[in-house]
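This report concerns only the one structure given below.
Values in this text are rule-based calculations from the coordinates and carry no lab data. In this text the structure is predicted, and so the values were computed from the model without any measurement. Virtual Cβ from ideal backbone geometry, glycine too; neighbours counted across all protein chains shown.
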Amino acid sequence: MDQQTDVMVDGGHDQLARSVADQLVSTLAALQAQGRVPSVVLTGGTIADTVHREVAARAEDGRVDWSRVEFFWGDERFVAHDSDDRNERQARRALLDHLDVDESLVHAMPSDDGSLSLDEAAARYAEVVRDRAFDVVMLGVGPDGHVASLFPGKPTLDVDDRDTVAEPDSPKPPPARLSLTFAALNRGREVWFLVSGSSKSDAVARALSGDAVTTTPAAGVRGSEQTMWMLDEAAASALPADLR
């Protein structure tokens, strides 16, 4: 592999979130210093929520001009726009509502407002992210090894001709999901896996050991320049010594 893969193990859940937040702020500041408008793909889940709150707490230091950062999502629950199940709603409450963002640079996935079918919503977001090369893609990993809303054994794992897919029958509720495909996720220059908790440890070990994508979809996502596994001690507990 041409890209670099790094594993960072950092204490417990809260310490991991603080370290990820520091890394994100530093990365975005460096990109803006080059005259760039950085692009970030956000994720959902407990660790992401804590990271978002830690980033928001650093907003006043002025290192990042948040009006010059572009935001996307790796997956979304296809529910009403005001549902607490929405990753967007979680991210707004913890992060975006506390930043001076440019809403024209915030690209939420469609919600279920009755105007689009699930397939139509997937096609619409595919146009939004077409040919985009993201600077940072942040992802969680499920205990089953799923990443974004790409689940083990699902037909969506084989889609390579578009950037967004519809998942009508997620094994986790709510069942209707939208997800970036491997093709889109792998255009991230840096991919950051944010994983906390012992329930994820086996999946982390399988992914880092090169398990098949059909059983551990997280094994199929890599940054074009760098892949970073950012783990707390519990999530790293099943890793062999040579992978820590």
Do we have Leu16 as out of contact with any Lys or Arg (no Cβ under 9 Å at 6 or more places or on another chain), buried (at least 20 other Cβ atoms within 10 Å of the Cβ), assigned to a helix (DSSP H, G or I) and of a type in the set (A, V, I, L, M, F, W, C) here?
-> yes
Selection from segment 53-76 of residues outside any helix (DSSP H, G or I) and either out of contact with any strand residue (DSSP E or B) (no Cβ under 6 Å at 6 or more places or on another chain) or of a type in the set (S, T, N, Q) (or both) yields Arg58, Gly62, Arg63, Val64, Asp65, Val69
Within segment 175-195, is there a residue that is over 19 Å from the mean Cα position of the chain (by Cα) and among the polar types (S, T, N, Q)?
-> no
Run down Thr27, Thr5 and say which single residue is under 17 Å from the mean Cα position of the chain (by Cα), surrounded by fewer than 17 Cβ atoms within 10 Å (Cβ to Cβ) and among the polar types (S, T, N, Q).
-> Thr5
Across segment 113-145, which residue is farthest from Leu208 (Cα to Cα) among those that are under 20 Å from the mean Cα position of the chain (by Cα) and among the acidic types (Asp, Glu)?
-> Glu127
Can you name the condition, by its number, that Ser83 falls short on among (1) over 25 Å from Thr227 (Cα atoms); (2) touching an Asp or Glu at 6+ places or on another chain (Cβ under 8 Å); (3) of a type in the set (S, T, N, Q)?
-> (2)
Conditions: (1) without any contact (Cβ under 8 Å) to a residue 24 or more places away in the chain; (2) more than 30 Å from Asp169 (Cβ to Cβ); (3) in contact with a strand residue (DSSP E or B) (Cβ under 9 Å, 6 or more places away or on another chain). Val7 meets all but one. Number of the miss?
-> (1)
Options Val101, Val137, Val128, Val141: the member that is in a strand (DSSP E or B) and touching a residue at least 24 places away in the same chain (Cβ under 8 Å) = Val137
